[in-house]
Amino acid sequence: MNKKNIDSIIELSNELRWQIGDDFHDNLTESIYADASEIVKDTVQSDTSNKRFRLDAKIDKIVTSKAFGFPIMFLVLGVVLWITIVGANYPSSLLANVLLDTIHPALKNGAASINMPWWLSGFLIDGVYLAVAWVVAVMLPPMAIFFPMFTLLEDFGYLPRVAFNLDALFKKSGAHGKQALTMSMGFGCNAAGVVATRIIDSPRERLIAIITNNFSLCNGRWPTQILIATIFIGAIVPESLSSVASLLAVIGIAVLGMAFMFTVSWALSKTVLKGEVSTFNLELPPYRPPRFWKTIYTSLIDRTLIVLWRAVVFAAPAGAVIWLISNIYIGNETIAAWAIDSMDGFGFLLGLNGVILLAYIVAIPANEIVIPTILMLTVLVTGTSGGAGAGVMFELDSMNATGDLLRAGGWTLLTAINLMLFSLLHNPCSTTIYTIYKETKSLKWTVFASIMPVILGFVVTFLVAQIWRLIF
Amino acid sequence: MTTYNPISALILFFVIAVLLFVLFRPIKGWFWILKKNFGSNEKTIIEDILKQLYHFENSGNKVDMKTLVQVLGFNHTRVVDAIKKMTINDLIYFESDILKLTDTGREYALRIVRVHRLWERYLADKTGFSRSEWHDRAESMEHVLTHDEAEQLSVRLGNPKFDPHGDPIPTKTGKVAQVNGVELPLLPVNSIGRITHIEDEPEVIYKQIIAEKIHIGSLVRVVENNATRIVFLSEGEEFKLAPIVAANLTVAPIENEVVVEDNIARLSSLDEHETAKIIGISKESRGESRRRLLDLGFVKGANISIDLMNPLGEPHAYLIKGTSIALRKDQAAKILIKRD
Amino acid sequence: METKIKSACETCAHFNAEGLKKLGIHTDDFDFVVALAGNPNTGKSTVFNALTGLRQHTGNWPGKTVTRAEGGFEYNTQKFKLVDLPGTYSLLSTSEDEEAARDFILFGKPNVTVIVADANRLERNLNLVLQILEITDKAVLCLNLMDEAKRNHISIDERTLARDLGIPVVPTSARFNKGIPELIQTISDIANGTIVCKPHRIKSVPDNIDRAVKKLTTEIEKEFPGIPNSRWIAFRLLEGDTQIINALKSGELV
């Protein structure tokens, strides 16, 4: 190989490129398709040469029609969410029973019987094991139900039609219709939603979808929302309306999340992302009957377990940290108490408190453990009885008892509302952050996607707190 | 905590918010303005002067100090200082009142022009910025890119010879290709030409041309040409321009017979149950999005019809080569068709 | 070669073919590398799963497989490593998927490239097929979704197609494992040189481009005698593909 000859070949190509003009790519593609048509003419016979296949066309006419398109969509989404929430209840409480109420005490007893030092069993069993168990119990059932259903719809070919129907809405905020799907996926799990943005092949729109996925309330946050809404919002209306009121509050938060998603998408496409390339296209593939069991299997393996594994990996050290900060003393106080003290002022400005802020910091790995951590820390600072000991996360079986504990910790209706807002608007969990980094391969966008929602959360809770205090 | 009350907290918040806005809002934020003024050091001024002189020289105009200061919009004394320095460094010289480039000066100017035009090419081909932004972005980039970086960029873009306005990009050795063609008003009625250059100055006229959706590389056929207006067809649409505007378009007459289709329409105008053949993709569609359309089969001669309307009116799904592909209205408007 | 590796999945369906063994993801010490290319939505991943016994997720979405999946099978004591490339419409643009697919076929030098096409939309799929045939001459067309095509009353003259393309054509319905044994046999034949392909080269190129391509091709062949894809390199050079230019300079292409 001779370097000089190669250079001259490249030089020649540069010369020729400008002789043949800038239609080269057009011409080449046209010639390939011309050859293709010729070959097809000789070899393919069909009596439906240009018509798309009849059954497909019929289904499409219905699912994209003015009259039925949207109702069908909402119905499908509603059914999927309903099955997920209702269906997850039973296995969730079963898992909690086994992992938290049976295995955990058993492990503790076992540790005591072999004379394991208290700090080691505390660290391993109360810290690491408990955090992992909690994440599994809360996260696994809804994901194991949600993802397979979603995947079935995907395999059937219905989801591209949803993107097609909704694209005009998303276009207005500079996003891609397929973001409707990654957003819905985010209701299951933001990390999975971020991975799902691979279906968006336009760089700008894909980044928008990745950055805004966190505004979909994921299943780690639904329980927080429901619990707090039931305790505090349900309490301010007459008993008969309380469940409706708390349900509406939770839905209101989810809808608010969507509003933020659209607004932030719009702002991003108009500012920081306007230089990214944007190429829209959306293929509507033919419908194919999904193979039920195979789909269930693959979606469990590919989506549920992978996401769960990542969450566990991140939750384990978080559990350790939670136990450590509430058991290591500096002077007379635990690290947790110091941290809570120093953040109380800022927390007050936001209408929250130091406990909540600390819980959100240590629970970055998994939103599932926010409530147990808050309860544990509240017991720790208020010194009330109850709880399972320093650094041992717990939840109470009765909503009333939980409410009483939180009120003893100084919670008001404002704290509850702002906690719900902050649970929607804060940084993505570390699994999601890691996934964003893997998908974008860009530190810049990962940092942006992590910081932006927290700042929004600070601003929103701050404003709500001040206005609330002005009025009441 | 003692001084806290919600009103003062809110006021403090809004003061900070307003301050941040005033400082950092895009383009007009104080921070950016300061940064620009602070950043437009001597190097920038010298390079801008060289570039201006080069352009004046090319258009055959003579320039003295006064016009130069007017054109550049920098502080008078700074320009005078820069010119003094440039004369000493043998970049320019005076011929009585008229400023002229030395050979070294011209070489330097060509390098700046090269970077500017390369960057515009880059913005057009590889990014999503709209074409009204290319020029300003290239203006600031031309002072930043080093010679080597410009070289790498050029290779990455396939060593382009023309920028997206059709202006030649000087080669690294300083050679400048000729734009071939004549001003549009000189193209005889009914003959066909290809637009090879769109002048981007003065800005008023350029903005008007951009608004008209006229694109480099598209074919035009003049149908009327007189002292008050020039009427021509391009990509299925009829344009009426004043001669002074039309003069900013350069077209190369096409000698060999090309068939220019009549009755060209845009795909966005296709109705349900109509069928059509694709004639081509408008030159408005560039870079990655153009390639994507071609890859998907939107090529000359393909049959196309509407497969699905949309409950929200947009996008429509089109049936092309056996597959249903949805395109937004603005994309469909870039595909030229002829109804069957 | 090692003695019988325990198959990763003994439960999956077996084929009639003697000597076939699906290796799942255990692909050490392979004898041949097989690339799996194709348009999105042609059932490419289903073919991959049918060949390897893996259960990679196959979504009804264009552009599903972004990360490269690998698997393997053993046939007549030879081990084949199978690489599932991202589904793309073309190899001429510069999206991430296309680059990944293109790079593997070009630099990974697979012994065989299996191109999966949707029998219902052959014309559209041929766009990619013809491009791949410019890069490699060891390819087989897997005409998938034949069951759907039959339902849609589309019939394809496979012999003429094979003659026109210059490569073997195997009709399959991967969902039902139909045609997979034949596909494996053909892959093995190509890998072992029993079948020699004479792939179709793009014909309808306009004169001015053709002249330029010929000029370049001659120069390239002078420098790299016997290179199989000089014409394709010429296409890419005319397009100004930096990666190919660099590869040419570093000698990676040969």
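Odds and ends about this structure:
- Distances between placed amide hydrogens fall under 5 Å for C:Q78 paired with no residue 5 or more residues away or on another chain.
- Across the options C:L143, C:L238, C:Q131, the greatest Cα extent toward the positive end of the charge dipole of region C:116-248 (unit charges at beta carbon of Lys, Arg, Asp, Glu) belongs to C:L143.
- For chain B, the longest site-free run once GluC sites (Glu not before Pro) in DSSP loop states with at most 15 other Cβ atoms within 10 Å are removed: B:1-132
- Label point of B:D136 set 7 angstrom out along Cα-Cβ; within region B:187-230, amide nitrogens under 18 Å from it belong to B:200-211.
- The ranking of A:V44, A:V370 from fewest to most other beta carbons within 10 Å of each one's beta carbon is A:V44, A:V370.
- Cα-centre dipole for region C:158-222 with unit charges at Cβ (Lys and Arg positive, Asp and Glu negative), debye to 20: 120 debye
- Relative intensity, log₁₀ I(q)/I(0), of chain B from a Debye sum that treats every alpha carbon as a point, q = 0.14 Å⁻¹: -1.19
- Contact order, relative form, for region A:111-232: 19 percent (alpha carbon pairs under 8 Å, 6 or more residues apart, mean separation divided by residue count).
- Backbone HN-Hα couplings from phi across region A:273-284 [Karplus 6.51/-1.76/1.60, Hz, Gly and Pro as x]: 9, 5, x, 6, 5, 10, 9, 8, 7, 9, 8, 9
- Centre separation in Å (Cα based) which lies between region B:297-335 and region A:168-210: 22 Å
- Sequence-separation-based contact order of chain A, relative, with Cα cut under 8 Å and 6+ spacing, percent: 17 percent
- Interchain or long-range residues, amide H under 5 Å from A:V277's placed H: A:R204, B:G128
- Centroid-to-centroid separation of region C:142-161 and region B:112-151 [C-alpha atoms, Å]: 50 Å
- J(HN,Hα) series, region A:434-445, from Karplus relation 6.51 cos²θ - 1.76 cosθ + 1.60, nearest Hz, glycine and proline x: 4, 5, 4, 5, 5, 7, 8, 6, 9, 5, 4, 6
- Summary of the geometry: region A:271-328 and region B:44-82, compared by the centres of their Cα atoms, lie 58 Å apart.
- Dipole of region B:132-220, positive end: most advanced residue of B:L219, B:Q178, B:H143 [Cβ charges, Cα centre]: B:L219
- Cα-based shape type of region B:182-253, given that a ≥ b ≥ c are square roots of the gyration tensor eigenvalues and the cut on a/c is 1.5: rounded
- Ranked by how many other Cβ atoms sit within 10 Å of their own Cβ, fewest first, the residues C:T172, B:T228 fall in the order B:T228, C:T172.
- Each Lys and Arg Cβ is given +1 and each Asp and Glu Cβ -1; about its Cα centre, region B:264-339 then shows a dipole of about 440 debye.
- Distance between the pseudo-spin-label points of C:E252 and A:I467 (7 Å out from Cα toward the beta carbon): 5.6 nm.
- When A:W338, A:W411, A:W18, A:W82 are arranged by Cβ crowding within 10 Å, least crowded first, meaning fewest neighbours, the order is A:W82, A:W18, A:W338, A:W411.
- Global form of region B:264-339, assessed from the alpha-carbon gyration tensor, a/c cut-off 1.5: rounded
- Each residue of region A:161-169 was assigned a 3J(HN,Hα) from its phi angle through the Karplus expression (A = 6.51, B = -1.76, C = 1.60, θ = phi - 60°), giving 5, 4, 4, 5, 4, 9, 4, 4, 4 Hz with x at Gly and Pro.
- Furthest towards positive pole of dipole, B:S132, B:M86, B:N5, structure part region B:1-152, Cβ charges: B:N5
- Test item: Cα-centred dipole of the protein assembly as shown, Lys/Arg +1 and Asp/Glu -1 on Cβ, debye: 780 debye
Values quoted throughout were computed directly from the atomic coordinates according to the rules given, and no laboratory measurement underlies them. The shown structure was predicted, so the numbers you read here are calculated from the model rather than taken from an experiment. Cβ sites come from the backbone with ideal geometry, for glycine too, and all protein chains shown count toward neighbours.
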